[in-house]
Amino acid sequence: MASLYILIPIAIVLVCIAVGVFLWAVKSEQFEDLERQGFDILFDEGETKAKSTSDSNSESAPKKPE
């Protein structure tokens, strides 16, 4: 029974911290663009920039890795 006097306040503090972190993430717009992070993993940074600039010119030569 005595352990409940310690565990319940610890649980309440942890829940408050989790809610605070979630609210901070929402306010700092961490959840605004969920698809971009997935695409960043799949493509190189140079590929995505080259692809966006060469969309109008589809016959451009591929870039060599540095």
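Throughout, read-outs are computed from the coordinates displayed, never taken from laboratory work. Since we're looking at a predicted model, the values are computed, not measured.
Descriptive notes on the structure:
- Hz values of 3J(HN,Hα) by residue in the range 5-16 - Karplus curve (6.51, -1.76, 1.60), Gly and Pro given as x: 5, 9, 6, 5, x, 5, 5, 5, 5, 5, 5, 4
- Segment Cys16-Phe43, extension gain: residue separation times 0.36 nm, minus the distance between their alpha carbons: 6.0 nm
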